Amino acid sequence: VEMLSAYTEKFGLKAGFIPQFHDEMQVVGEAWHPQNESEINTYINKYAQRFPTEFAKAFKVKRALQKGGITVHLHGANAADVDGPVAMFGQEKFAHFARSKFTLHIKVHGGTYYCQAVSESIAAGVPVVVDRQTNEIGMFDGLIEHNVSGVVLDNVDDIVRYIETVPDAEYRRLRASTRRFGSRFRALPSDEQAAKMKQFFWTVYRDSVFTM
């Protein structure tokens, strides 16, 4: 909290949380190990209670993939799942990223938002999978780039099909691409970047902007 407050004060922002630069984040290895790095993970606090429509979609993905032996964790889903709360900061989440093949993110309701878990995943080198609606409502420009740092698909059926069938060679390419792309989020911003960030939030999002 102190770190986030310092960012907010330094940049003169009104936002409670801002796009973070995860300079402390570990990065997944260059080589992908299919047996050990195969999980699909979602990180949304009180997912079922706050966003029941999106939770139902994510649970549909979980149920379909687990029939094929793919482990899916919906962290933060409380009683609807047993995966525990969402870890708040990078190193706690990295234990999950280190076992992940993809981070799944489906959230449309609640207005425009920035997702810390999405940026942390990309910083760690784990591609993010979203549906098109989520990508359009979230502040993901320059963060989720299709076939570069993740994939943007039309609906949950396409998400299930993609995860089940993506060739290993294509996944290795995407993972390496995400690892390279994520390097920009593992470095502290220059004065110029900080000024652009401040201007963006101050002129476009005058009220508080929060992550989940």
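Within the stretch 95-113, can you find the residues that are of a type in the set (S, T, N, Q) and surrounded by 17 or more Cβ atoms within 10 Å (Cβ to Cβ)?
Ser100, Thr103
Every listed requirement among (1) at pLDDT below 65; (2) open to solvent by 20 Å² or more (accessible area, probe 1.4 Å); (3) closer than 23 Å to Val108 by Cβ is met by Ile18 save one, (2). Looking only at the stretch 169-184, which residues are within 19 Å of Ser100 (Cα to Cα) and either of a type outside the set (A, V, I, L, M, F, W, C) or touching a Leu at 6+ places or on another chain (Cβ under 8 Å) (or both)? Scanning the stretch 169-184 gives Glu170, Tyr171, Arg172, Arg173, Arg175, Ser177, Thr178, Arg179, Arg180, Gly182, Ser183.
Identify, please: which residue in the stretch 144-176 is touching a Pro at 6+ places or on another chain (Cβ under 9 Å) and touching a residue at least 60 places away in the same chain (Cβ under 8 Å) and is, among those, most open to solvent (accessible area, probe 1.4 Å)? Looking at the filtered set, the residue picked out is Asp168. Can you confirm whether Ala117 is buried (at least 24 other Cβ atoms within 10 Å of the Cβ) and of a type outside the set (Ser, Thr, Tyr)? Yes; evaluated as a whole, the condition is true for this residue. The residues on offer are Leu13, Leu4, Leu65, and the sole one that is at pLDDT below 65, surrounded by 13 or more Cβ atoms within 10 Å (Cβ to Cβ), aliphatic (A, V, I, L, M) and in a helix (DSSP H, G or I) is Leu4.
The values are calculated or read from the model by the stated rules, or taken from the named source; none is laboratory data. Remember, predicted model here, so these are calculated numbers, not experimental data. Positions of Cβ are backbone-derived with ideal geometry, glycine not excepted, and every protein chain shown enters the neighbour counts. When the accessible area is computed, the model is the full protein with side chains, heavy atoms only, and any ligands, DNA or RNA have been set aside. Shrake-Rupley method; radii C 1.70, N 1.55, O 1.52, S 1.80 Å.
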